[in-house]
Number of protein chains: 2
Amino acid sequence: MEQVVNIGLLGLGTVGGGVYKVLRNNPAVNIVKIAVKDKNEVQEIDGLDKNLLTEDAKVIVTNPDIDIIIEVIGGTGAAYEFIKMALERGKHVVTANKELIAKRGDELFEIAKQNNVLLLFEAAVGGGIPIIMPMKMSLAANKFEKIAGILNGTTNYILTKMDEDNADYEVVLKEAQELGYAEADPTGDVLGYDAAYKIAILASIAFKKKIDQSQIYREGIDTLSPIEFKYAEDFGYKIKLIALAQSVGNKLDVRVHPMLVSKTHPLAHINNVTNSVVMQAQPVNQVMFTGPGAGEMPTASSVCADVLSIVSEIHTTNFLLPEMRCNNTEKADILPIDETENKYFIRIDATDTPGVIGSIGNICSKFGINLNYIIQKDVTKDGMATIVILTGMCKEKDLITALNELSNLSSINTIHKLIRVMEL
Amino acid sequence: MEQVVNIGLLGLGTVGGGVYKVLRNNPAVNIVKIAVKDKNEVQEIDGLDKNLLTEDAKVIVTNPDIDIIIEVIGGTGAAYEFIKMALERGKHVVTANKELIAKRGDELFEIAKQNNVLLLFEAAVGGGIPIIMPMKMSLAANKFEKIAGILNGTTNYILTKMDEDNADYEVVLKEAQELGYAEADPTGDVLGYDAAYKIAILASIAFKKKIDQSQIYREGIDTLSPIEFKYAEDFGYKIKLIALAQSVGNKLDVRVHPMLVSKTHPLAHINNVTNSVVMQAQPVNQVMFTGPGAGEMPTASSVCADVLSIVSEIHTTNFLLPEMRCNNTEKADILPIDETENKYFIRIDATDTPGVIGSIGNICSKFGINLNYIIQKDVTKDGMATIVILTGMCKEKDLITALNELSNLSSINTIHKLIRVMEL
């Protein structure tokens with residue numbers, strides 16, 4: 001660290017503000033310029049030097065004195081253009097932009113490689129939790145088998161409250177919006193888009209393949225009801241929105257949907273806005289990283305870690321953090337959801353007549369589906385019963401076929417949405 | 001990675017065997033020689049090339065062709081001499097030796113610095129869990145406030161079983177020994193020595209000070225009884241052996257002892273031999289790393305990660321992983337245990353007479369100790385009652401004074417060993 005490294009900051013929103021506060025007192029770096037959309041609509045930051053502000057980001061990415069660009073604008077439009085421009089000019093780039101890395105990362109990593117610079121993105125997955133560098137460096141000797149994570153704080157908050165308060169989704173969502181834990185338009189979070197970007201990134205690192213994130217199967221949390229949390233609890237499970245990536249033969253099984261997680265695993269006890277990711281790999285077996293998945297200061301922690309990693313090695317010759325490069329050549333073959341294998345939790349409304357449980361068992365058995373539990377729950381006055389099933393491991397398309405046949409039985413009233421069960 | 005890096009392996013026990021199995025198929029490295037105590041008493045490893053074995057470790061550490069020495073002998077005798085010798089000859093060293101790093105690390109890091117080589121030790125704390133590199137690199141922008149960990153698998157296994165089975169310490173220890181989870185002489189684990197080495201290492205990294213590990217206050221798990229787990233559960237806590245390090249003013253509070261951990265924190269749900277460490281730091285706030293704290297293959301994962309980190313940067317000029325060096329100059333001032341502040345769980349046997357609870361409250365209040373809970377539990381036929389107390393935050397020496405005065409009351413029969421309460 002013979003000389004101060006010059007930084008250009010693109011964006012001064014929530015994360016940008018945090019980055020500025022952390023880096024401005026670090027003697028190893030010098031924030032030369034900050035790009036904002038509108039100089040007159042900048043957030044109040046104590047001691048912010050207004051002379052650093054510019055509305056012209058291009059001036060920053062083309063400034064030959066700047067060594068590292070930090071991109072915290074978000075989105076895939078201007079952010080993409082500026083990162084590309086910076087890399088092409090031989091500048092290292094640090095970003096927190098999960099959508100961009102998930103959608104166009106491969107292209108940008110290639111440009112970074114051609115220009116012998118780094119594009120780091122620790123903050124793009126799990127906010128303040130160290131994940132990318134531990135995967136790439138601390139677990140460098142491992143072969144990854146499975147990654148399962150709670151990667152979205154908004155949905156984990158909603159699920160925690162639905163469970164604790166026995167409350168409906170819509171009610172808790174509104175509460176989360178009032179508390180600032182959910183956005184006015186919560187689509188990106190509650191339908192699993194955000195988690196899908198993140199698991200696409202982790203899968204590409206773990207399995208060293210290009211991931212077409214549009215192929216990732218996604219279900220949100222909006223169809224869950226409080227009674228499911230109660231029944232899951234009876235079986236010893238919590239319900240979590242899980243982002244999953246695992247190697248199955250020569251394909252990758254990558255998806256985001258609610259899952260039952262056994263209370264014997266620490267992942268079931270990750271509550272509120274906390275994020276956590278479990279990595280199954282050999283020889284390490286299973287490690288888990290937990291912490292704040294979002295927020296101004298935690299996210300700034302990861303952005304600044306990337307910056308300091310570059311700073312501490314920027315004057316080395318030859319290889320600069322070679323382990324941190326992401327240049328995958330092969331495209332992953334993504335397993336379609338109906339080809340995946342899972343255990344399933346199924347809730348059925350049926351008439352409380354003799355033989356119903358037997359019929360369900362027979363039909364499942366016909367399609368090779370073992371039932372680990374089949375339990376009759378609450379019977380109502382009008383003779384309706386709730387039957388809850390936990391299946392053994394089976395192929396999803398076989399289960400769907402069995403459920404279709406089941407739905408034709410006169411004693412079966414409603415088969416509710418299935419929930420898959422996490423194996424950890 | 002232009003050329004293969006030559007490795008010398010010192011020790012072929014549990015960890016050494018794992019390291020050999022992981023590295024022998026890695027094209028970036030070449031295991032040149034393996035030092036063992038007795039060639040005729042080497043463990044069976046499929047495909048082990050017996051020509052690699054030598055009983056003379058000195059030949060390895062003085063071999064000019066060897067770039068990296070892996071030390072997995074253990075202890076502070078020969079291991080120290082060989083590491084010193086290797087560093088002085090300009091070789092990088094990777095070790096899993098927590099006792100040596102805790103006791104003589106400062107000295108060895110200084111020798112490494114003088115010879116411009118690295119001494120890495122990821123496996124020394126938390127076995128396969130990435131901890132050291134995430135702390136030093138991923139959390140580089142943070143100021144650490146507190147570290148609290150379950151850092152010993154043997155004791156966590158025993159505590160988990162005592163809790164689950166309502167079983168006595170001696171019974172579970174015997175069972176753990178039969179299962180191979182505890183050694184024949186379990187002293188190093190159950191009395192907290194092992195955890196004390198590990199927290200000494202983590203504290204020195206977090207707070208950038210030299211730690212005299214002999215000053216670390218230590219209590220084992222051997223005095224715990226199953227009834228304490230039950231009462232703790234009633235208050236919403238689990239009991240864990242916690243290794244703690246926190247900054248208090250200009251002193252460091254570093255200690256190992258059983259603590260009550262709230263079930264609302266994921267740390268309470270870390271069971272059996274799993275290890276976990278929580279780090280409180282700014283700006284990240286709180287992150288947690290969980291995984292296998294010991295074992296052949298997990299520990300090999302960390303040893304090999306260190307090796308591969310060196311390999312990938314061994315040909316850079318100037319700085320080789322500068323962030324991973326540990327050269328503290330200042331000695332930490334360790335806070336004595338009676339000066340620490342905690343909440344406390346106290347179990348008292350008293351006569352079931354009116355006024356006992358009032359007297360306890362009055363005496364505590366006299367010494368400025370608030371009681372968050374004071375509850376009378378089981379009353380026996382002979383008129384004895386168990387009273388369980390959870391205090392507010394107070395200085396340990398004030399509590400000891402209050403308990404001494406309490407013990408003089410005729411209605412108080414026994415004041416059991418206090419258990420401190422974790423604040424997370």
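The values are calculated or read from the model by the stated rules, or taken from the named source; none is laboratory data. Just so we're clear, the structure is a prediction, and the values are computed from it rather than from any experiment. All Cβ positions, even for glycine, are placed from backbone atoms using ideal geometry, and neighbour counts span all protein chains on display. To get the accessible areas, we keep the full protein, side chains included, count just its heavy atoms, and leave off ligands, DNA and RNA. Shrake-Rupley method; radii C 1.70, N 1.55, O 1.52, S 1.80 Å.
Here are the numbers:
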| quantity | calculated |
| --- | --- |
| Listed residues B:D398, B:D253, B:D46, most fluctuating in chain B (Gaussian network, C-alpha, under 10 Å) | B:D46 |
| 1.4 Å probe accessible area per residue over the protein assembly as shown, in Å² | 39 |
| Kyte-Doolittle mean at least 0.0, axial Cα span of 24 Å or more - DSSP H helices of chain B | B:296-313 |
| Listed residue (A:N97, A:A148, A:C304) projecting farthest to the positive dipole end of chain A, Cβ model | A:A148 |
| Share, in percent, of DSSP beta bridges within chain A that are antiparallel, nearest 5 | 70 |
| Whole-number D in µm²/s for the stretch A:353-400 (Stokes-Einstein; Kirkwood sum over Cα pairs; 4 °C, 1.567 mPa s) | 111 |
| Between the stretch B:291-306 and the stretch B:1-61, the Cα center-to-center distance that results, in Å | 16 |
| Sum of side-chain charges, A:G392 neighbourhood, beta-carbon under 12 Å (Lys, Arg +1; Asp, Glu -1) | -1 |
| DSSP beta bridge pairing in the stretch A:189-272, given as percent antiparallel to the nearest 5 | 85 |
| Within the stretch B:388-415, backbone nitrogen closer than 17 Å to the virtual label 7 Å beyond the Cα of B:E341 toward Cβ | B:391-400 |
| Å³ per residue enclosed by the Cα convex hull of the stretch B:321-368 | 141 |
| Positive-end residue, the stretch B:301-410 charge dipole about Cα centroid, Cβ charges, pick of B:S407, B:T386, B:G368 | B:T386 |
| Stokes-Einstein diffusion coefficient of the stretch A:156-303, Kirkwood radius over Cα pairs, 37 °C, 0.692 mPa s, in µm²/s | 201 |
| Cα gyration tensor shape for the stretch A:288-354, rounded if a/c is under 1.5, else prolate or oblate | oblate |
| Calculated FRET value between B:D382 and B:D234, using beta carbons and R₀ = 22 Å, to 0.05 | 0.45 |
| Label-point separation, B:N116 to A:Q215 (7 Å along Cα→Cβ), nm | 4.8 |
| Whole-percent carbon and sulfur share, accessible surface of the protein assembly as shown, 1.4 Å | 45 |
| Label 7 Å beyond Cα on the Cβ vector: A:E44 copy-to-copy distances, nm | 7.4 |
| Alpha carbon centroid spacing (whole Å) that separates the stretch A:371-424 from the stretch A:205-244 | 18 |
| Within-11-Å neighbourhood charge of A:R255 [Cβ basis; K, R +1; D, E -1] | -1 |
| √(5λ) per eigenvalue of the Cα gyration tensor, the stretch B:144-193, largest first, Å | 22, 14, 8 |
| For chain A, the Rg and Dmax computed from alpha carbons only, in angstrom | 24.2, 82 |
| Chain A: most fluctuating residue of A:L403, A:L23, A:L179 per GNM, C-alpha cutoff 10 Å | A:L179 |
| Cα gyration tensor shape for the stretch A:242-342, rounded if a/c is under 1.5, else prolate or oblate | oblate |
| Other-copy label distances relative to B:D56, 7 angstrom Cα-Cβ extension, nm | 7.3 |
| Three semi-axes of the equivalent ellipsoid, the protein assembly as shown, Cα gyration tensor, whole Å, largest first | 41, 39, 30 |
| Highest-MSF residue in chain B out of B:M297, B:M162, B:M384 [GNM, Cα springs under 10 Å] | B:M384 |
| Rounded Å value of the spacing that divides the Cα centres of the stretch A:94-116 and the stretch B:310-340 | 32 |
| Magnitude of the charge dipole, the protein assembly as shown, Cβ model with Lys/Arg +1 and Asp/Glu -1, debye to 20 | 940 |
| Share, in percent, of DSSP beta bridges within the protein assembly as shown that are antiparallel, nearest 5 | 70 |
| Shortest-first nm distances, B:R89 label point to equivalent points in other copies (7 Å, Cα→Cβ) | 5.1 |
| Shape category assigned to the stretch B:266-313 from the gyration tensor of Cα positions, a/c cut at 1.5 | oblate |
| Solvent-accessible area buried by pairing B with A, both sides, nearest 100 square angstrom, 1.4 angstrom probe | 3500 |
| Mean shadow area of the stretch A:11-134, taken as a quarter of the surface of its Cα convex hull (nm²) | 7.7 |
| 27 Å Cα-Cα reach of B:K33 towards lysines, excluding residues that sit fewer than 8 places from it in its own chain | A:K143, B:K21, B:K50, B:K58, B:K84, B:K91, B:K98, B:K113 |
